[in-house]
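Values in this text are rule-based calculations from the coordinates and carry no lab data. Since the structure is predicted, the reported quantities are computational estimates derived from the model, not experimental observations. Cβ placement follows ideal geometry from the backbone for every residue including glycine, while neighbour counts extend to all protein chains displayed.
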Amino acid sequence: MLPRNDINVTAGREGLPGWCYANPELYDIECDVLFRRHWQLACHASDIAGKGDFITFDLVGERALIIRGRDGEIRAFHNLCRHRGSRVVADEKGTCPGVITCPFHAWSYELDGRLRSPAKPRSFPDLDPVEWGLKPIEMEIWHGFVFVRFQPGPQPSVKEMLASIEGEITPYDLDGLVPDEDGLYCMESAPVNWKSVRDVDNEGYHVPMAHPGLQDLYGKNYIDESISGYVSRSVGVIDDGPARLWSVRQYKTLISNLPEPLSGLPRQWVYFGLFPNSVLAVYPDSVIFYQDIPKGVGKTSIRGGIYRRKNEDRVTRAARFLSGRIDLLTAEEDRMLTIWSQEAMASSAYDGMILSDLETGVREYHDKLREIIPVMGLKAPPPPGQVAGINAGMAEGAE
Ligand code: FES
Ligand SMILES: [Fe+2]
C-alpha cells in the first residue's frame, strides 16, 4: 500500500485558491475581461413594452440605458450624457415622454439617441445630433431576451452561442413572455465576492443537505452538464414522491394540471448557465433569469426577472406563485452558503477546496476562468501592484 502522502487526492479538484476571492487587483481584471466583454442579459423586450419605456442596467462602472423608440425599436445606449457624463436617466425603469432630458443641465435627446438640443444652444457651437448623440452599446435580442455587451469580446453572437439550446427552448415560447407583477428585481447585496455566489450556484452537490424543498422537488433526478465553453445546462426532473414543504407538495399537484400547451412541456426545471454570470431557467409554469452583479471585490448583488405567459390561467398562476416561493427560499439558503464560503477564506486554517465529481460545474467554471485570466492558476497571490503584469505575462506565455 502506498503511504498516504504519495497519493495526490486533490489533483484536478482544488478549485480556485482563496486569494482569488479577495484581491482588488484581480477584481479589476475580472471587471474588464469578464463583465465588460461578455454578453449580459439585461431584460426581456416585454419589460419595455411601450414607446419610450426604458430600463437601466449598471454593471462594474458601466451604465446601460435600454429604451424603446417611437418606432417601436429597442436600442441600447450608455446612460451617459455627452455634456458632462451624467446619467441621462436616473431611475431603474420608467417611461420617457417623447424625449430624454438629462437631469443635470437639461440637454435633451431623441428616443433613438440623437441629440435633440443642448440647453441654451447658443452657448455652444453647432453640435451634430448623431456625433453628439448617446453612445450605442452592442445589443442583441434572442427570443425576446435583450443582451448587451459593453466592450467587444471573445464570445460569438448570442444566437450562435445559444444555438445548441434552441431546440429545447422553442416549446417555451420565450418571445411571448410578459413580466410578473414585480418586474425586474435586485436583491440586497451580500458581503461576498461574486465567485462565491457563482460557485454555490454551479453545483447541485449541496442540494440534498441545504435545500430540502429542491431536494424533494427534483433532487433525486438532478444533473449538471457542460454544453459548450460558454453554456452549461442543469436539469432537475420533478418526481412524484412526497415532499416536506407544503409549497412543494402543492406545486407538484398543480403542474400535473396545467392547461395546453403547457401540459406538453417536460415536467422539469432546466437552468442554462450563460458564462460568466447569468442563468436562464425554464419551468413549466414560468421562465426566470438571474445574474450576479459585483458591487466591489467583496460585495455582490443578485438581479433578475420572472416571466409569465400572457392570458395565464388560474392553475398556472398558482403554480408560478409557488415556484417563486420555492426559488425565494432557495435563494435565502444559498445566500448563507455564499457567506460561509467567503468567510472561510479569511481563516488561517483554510487551505482550499477539494471538489467532488458531483461538482464538475464548479471545476469546469474555474478551468474556464484560469484559461481567460491565467494568474488565477497561481496558488499564492502575486505581490501587490503586480497582478495585472504577471497575468499579462502568463497570458502571453500561453499563446
Ligand atoms: S451633464 Fe447632462 S446636461 Fe450637463
Ligand atoms: Fe443552492
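Worth pointing out:
- Annotation: aspartates and glutamates with alpha-carbon distance below 12 angstrom to K379 (same-chain offsets under eight excluded): E14, D351.
- For A22, distant residues with modelled amide H under 5 Å away: none
- For L265, residues with placed amide H under 5 Å, excluding near neighbours: none
- Assigned charges on the beta-carbon of Lys, Arg, Asp, Glu; the range 330-399 dipole about Cα centre (debye): 260 debye
- Seen from D199, the other residues with C-beta closer than 11 Å to its C-beta sum to a net charge of -2, counting Lys and Arg as +1 and Asp and Glu as -1.
- Taken one residue at a time, the phi angles of the range 379-396 give Karplus couplings (6.51, -1.76, 1.60, θ = phi - 60°) of 6, 10, x, x, x, x, x, 10, 5, 5, x, 5, 4, 4, x, 5, 5, 5 Hz. Gly and Pro are set to x.
- Per-pair calculated FRET efficiency, R0 = 41 Å: L358 and Y185 via Cβ, rounded to 0.05: 0.85
- Computed from backbone phi with θ = phi - 60° and the Karplus coefficients 6.51, -1.76 and 1.60, the 3J(HN,Hα) list for the range 280-294 is 10, 10, 10, 10, x, 9, 6, 10, 10, 9, 8, 8, 7, 10, x Hz; x is used for glycine and proline.
- Any cysteine of the chain lacking a neighbouring Cys Cβ under 4.7 Å - listed by number: C20, C31, C43, C96, C186
- Principal axis extents of the C-alpha atoms in the range 39-152 (largest first, rounded to whole Å): 45, 28, 22.
- In sequence order, the range 316-325 has phi-based couplings of 5, 4, 5, 5, 5, 4, 6, 5, x, 5 Hz under the Karplus curve 6.51 cos²θ - 1.76 cosθ + 1.60, θ = phi - 60°, and Gly or Pro positions carry x.
- Taking amide H as placed 1.01 Å from N in the peptide plane, the amide H of I293 sits under 5 Å from that of S301, I302, R303, each at least 5 places away or on another chain.
- Stretching the chain fully between T95 and Y350 yields a gain of 86.8 nm (0.36 nm per residue, less the alpha carbon separation).
- Over all orientations, the range 54-107 has a Cα convex hull whose mean projected area works out to 3.6 square nanometres.
- FRET E, pair E225, D28, Förster distance 41 Å, beta-carbon r, rounded to 0.05: 0.80
- For the chain, the residue among A331, H206, M376 whose Cα projects farthest onto the positive side of the dipole built from Cβ charges is A331.
- Modelled this way, with points 7 Å down the Cα-to-C-beta line, the labels at S301 and V9 are 4.3 nm from one another.
- Dipole moment magnitude, nearest 20 debye, the chain about Cα centre, only Lys, Arg, Asp, Glu C-beta charged: 1040 debye
- Maximal additional length on extending the D128-S108 stretch stands at 5.9 nm, based on 0.36 nm per residue less the C-alpha distance.
- Note on E73 and D175: with the Förster distance fixed at 25 Å, the Cβ-Cβ geometry gives a FRET efficiency of about 0.95.
- Dipole magnitude for the range 39-152: computed about the Cα centre from +1 point charges on Lys and Arg Cβ and -1 point charges on Asp and Glu Cβ, it is near 400 debye.
- Projected-area mean, the chain, by convex hull of Cα positions, square nanometres: 24.0 nm²
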